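See below for the structure under consideration.
The values are calculated or read from the model by the stated rules, or taken from the named source; none is laboratory data. Remember, predicted model here, so these are calculated numbers, not experimental data. FYI the Cβ positions are ideal-geometry reconstructions off the backbone, even for glycines, and counts take in every protein chain you see.
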Amino acid sequence: MVDPDWNVDWKTISLSPAQQRGMDQSRALLLEAAAQGHMHAQVVCGDIYGFGVGVAQDERLKFLHHEKAARQGHMVSQSNMGVNYNNGFGCEQNYERAAEWFKKAAGQGHAPAMTSLGTLYWKGEGVPLNYKRAFELFQQSRALGNTDPRLHLNLGLCHEFGDGVTKDYLEARRLYTLASAQGYEHATEYLKRLEEKIRTECPLLSKRVVITGTSREDLNGRAVATSFDHDRDRYVVDLDDRRREPGEWEAGPEAEGEARESGVRGHKGRQLGFGDSTEANQWTLSSGSGREIRPP
């Protein structure tokens, strides 16, 4: 009996006559068990032909054996069937059938199938185009521990273009950087392109800045541009923490009027002087009259 190592490239391995006989005997027993409906034997037979373990690779036989196991509910084989139909491996390419199998595997908690199904929703292939559903599936896959760099790239794309989630260049940069560090060259290309977009569209993003010209002195000072509101074309900044003086940030008619006059609003839409000191320390600033946000 030969116990194959699925992580090696079997096309580069030359078996001795004795090893080949052992492999042939093992395969014959597995094929007999698979023909009798043994699900795990069907899975192994599919992998034997898929990887070419002691036999010539055969996409069609791989497809047929995994199909039998998938119909019996084997999660990984269901995902493999999705891959087969998605790419036309051993069958005619069919995105609808691919989506059906990915849904079955994802329903059993298979993280890679969630990523693949999310990609179909993101592209609108075999399922209606739905960026929100795509992002949800990507997030679910990551929550289950999937660290595939392609998943990180997909999530980065969603954040960069606002597909199913609020546009966030910093989160996109973080995800592209993560995928690039994993050796995914496409992510490195997207990261370079994003850095150029940031330099062009919102050059102060994540940088320390100085705010001047507001109608309240306690809003002037050093801060960090933590994000950029693309819809309103303005930065969100965190003011430096300072010891709260008696009466500071307290709500009142005068403070409320000053907030409206300055046009400075809290991150959650609350005006100056409302909410606790943590919320009151984060503001959105645009390039309106009389105010300035600039590098220190």
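Going through region 57-66 one residue at a time, which ones are basic (Lys, Arg) and either in contact with a helix residue (DSSP H, G or I) (Cβ under 8 Å, 6 or more places away or on another chain) or modelled with pLDDT under 95 (or both)? Walk me through it before giving the result.
Within region 57-66, the subset basic (Lys, Arg) is 60, 62.
Once the filter is applied, which keeps residues that are basic (Lys, Arg) and either in contact with a helix residue (DSSP H, G or I) (Cβ under 8 Å, 6 or more places away or on another chain) or modelled with pLDDT under 95 (or both), region 57-66 yields only Lys62.
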Some residue of region 154-162 being surrounded by fewer than 20 Cβ atoms within 10 Å (Cβ to Cβ), within 24 Å of Ser141 (Cβ to Cβ), in contact (Cβ under 8 Å) with a residue 40 or more places away in the chain and not polar (S, T, N, Q) | yes
Have a look at Gly54, Gly90 and point out the one that is at pLDDT 95 or above and either outside any helix (DSSP H, G or I) or touching a Cys at 6+ places or on another chain (Cβ under 7 Å) (or both).
-> Gly90
Per the filter on region 174-206, residues more than 14 Å from the chain's Cα centre (by Cα), closer than 29 Å to Arg222 by Cβ and not acidic (Asp, Glu) are Leu191, Leu194, Lys197, Ile198, Arg199, Thr200, Cys202, Pro203, Leu204, Leu205, Ser206
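Filter region 141-153 down to residues that are buried (at least 16 other Cβ atoms within 10 Å of the Cβ) and either under 22 Å from Gly107 (Cβ atoms) or acidic (Asp, Glu) (or both), then give me how many there are. Don't jump to the end; show me each part of the working.
Let us first name the residues in region 141-153 that are buried (at least 16 other Cβ atoms within 10 Å of the Cβ), namely 141-142, 146, 148-153.
After this cut, where a residue has to be either under 22 Å from Gly107 (Cβ atoms) or acidic (Asp, Glu) (or both) as well, the list is 141-142, 146, 148, 150-151.
Count: 6.
Conditions (1) within 30 Å of the chain's Cα centre (by Cα); (2) in contact (Cβ under 8 Å) with a residue 12 or more places away in the chain; (3) surrounded by 17 or more Cβ atoms within 10 Å (Cβ to Cβ); (4) in a helix (DSSP H, G or I), marked per residue:
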| residue | (1), (2), (3), (4) |
| --- | --- |
| Gly22 | no, yes, no, yes |
| His40 | no, yes, no, yes |
| Val43 | yes, yes, yes, yes |
| Tyr49 | no, yes, yes, yes |
| His65 | no, yes, yes, yes |
